[in-house]
């Protein structure tokens with residue numbers, strides 16, 4: 001049975017009414033989007049004069065909470081030849097260190113952000129196994145791994161005066177400057193057999209949000225200095241000359257220093273016969289400084305019978321932190337105490353000679 005003309009007319013009116021409502025909804029949504037776009041355009045126009053020329057601020061960079069900040073590498077610095085050379089040297093070094101693990105790094109930002117490469121590198125350099133999951137796919141798992149790795153790195157570096165220029169968030173967000181800072185610190189601390197480019201600086205764009213408005217500034221970051229400062233090599237001194245040109249007199253110097261050391265350690269029924277090995281774990285230095293300064297060092301502050309590099313490092317860190325032994329106090333300009341741990345004779349002689357000079361009249 002076909003619909004009557006009246007029924008058809010009523011249906012058309014209902015359809016037109018529905019389409020009208022739908023059209024009105026679509027128009028309102030379109031106008032709302034236009035208003036939103038106009039607001040965003042206006043906000044960008046306000047912020048634009050604050051941005052350094054040539055700097056691209058991505059949409060996600062505007063999603064900062066009040067008083068929060070984000071740091072990005074300036075595009076010009078990214079193309080700087082010395083910086084690119086530094087990145088290449090670090091990549092080649094990592095690949096050389098992790099060759100046995102069949103790990104190949106091609107891009108520092110993409111390959112280091114999740115903590116996997118940094119974990120393997122730290123374990124290889126320090127000889128210390130970290131308690132972390134081998135494979136982590138989730139963001140939470142990656143950050144947990146990074147947290148463990150960076151805590152171990154910071155604990156090792158901080159006592160030696162390193163400024164921590166990295167964090168879990170900066171590494172995980174693929175901040176190349178933070179990653180490079182971390183790798184340079186590790187290379188310098190472990191005296192990597194590489195030559196880092198000297199005087200490499202970059203500019204970073206610091207974006208902050210104040211009262212809802214983005215404020216930006218260019219800040220210069222120094223990533224490397226001179227080779228001598230980075231690798232702990234300073235101006236040659238008497239010990240360099242002695243070992244290079246008068247090795248026959250070396251035994252005379254060693255005998256004098258052993259006599260000085262034993263004069264005091266004998267009070268504890270201890271005796272030194274070999275300078276290189278017997279001072280490498282820091283125990284005799286701690287006990288010697290306690291005797292020279294005339295106070296007792298509580299045994300719980302250090303490892304009396306250390307069995308690994310980590311324990312050796314802890315003892316030397318204690319020497320620093322307790323101010324028992326410091327370059328400033330003894331004016332030791334050419335000593336890196338990790339060298340003493342690594343049985344470097346010249347470094348050990350420098351430390352003991354400075355002690356001899358300062359305490360030769362002590363009873």
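Okay, here's what the table says:
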read-out: Fewest-first ranking of 134, 165, using other Cβ atoms within 10 Å as the exposure measure; value: 134, 165
read-out: FRET E, pair residue 293, residue 343, Förster distance 30 Å, beta-carbon r, rounded to 0.05; value: 0.70
read-out: Packing-based exposure ordering (other Cβ within 10 Å, fewest first) of 179, 258, 104; value: 104, 258, 179
read-out: Rounded Å value of the spacing that divides the Cα centres of the range 264-300 and the range 112-188; value: 35 Å
read-out: FRET efficiency estimate (nearest 0.05) - Cβ-Cβ, residue 85 to residue 357, R0 56 angstrom; value: 0.85
read-out: Length-normalised contact order for the range 144-229 - Cα pairs under 8 Å, 6+ apart - percent; value: 22 percent
read-out: Extension reserve of the residue 256-residue 191 stretch, reckoned as 0.36 nm per residue once the Cα distance is removed; value: 20.4 nm
read-out: Extension gain, residue 210 back to residue 300 (0.36 nm per residue minus Cα-Cα distance, nm); value: 27.5 nm
read-out: Whether the range 69-230 is rounded, prolate or oblate, judged on the alpha carbon gyration tensor where a/c under 1.5 counts as rounded; value: oblate
read-out: Estimated FRET transfer efficiency (residue 248, residue 268; beta-carbon r; R0 30 Å; 0.05); value: 0.35
read-out: Theoretical gain in end-to-end length, residue 277 to residue 131 [0.36 nm per residue, Cα-Cα removed]; value: 49.5 nm
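Here, each number is a calculation from the coordinates, and none is a lab measurement. Computed from a predicted structure; not experimentally measured. Neighbour counts run over all protein chains shown; Cβ positions are idealised from the backbone, glycine included.
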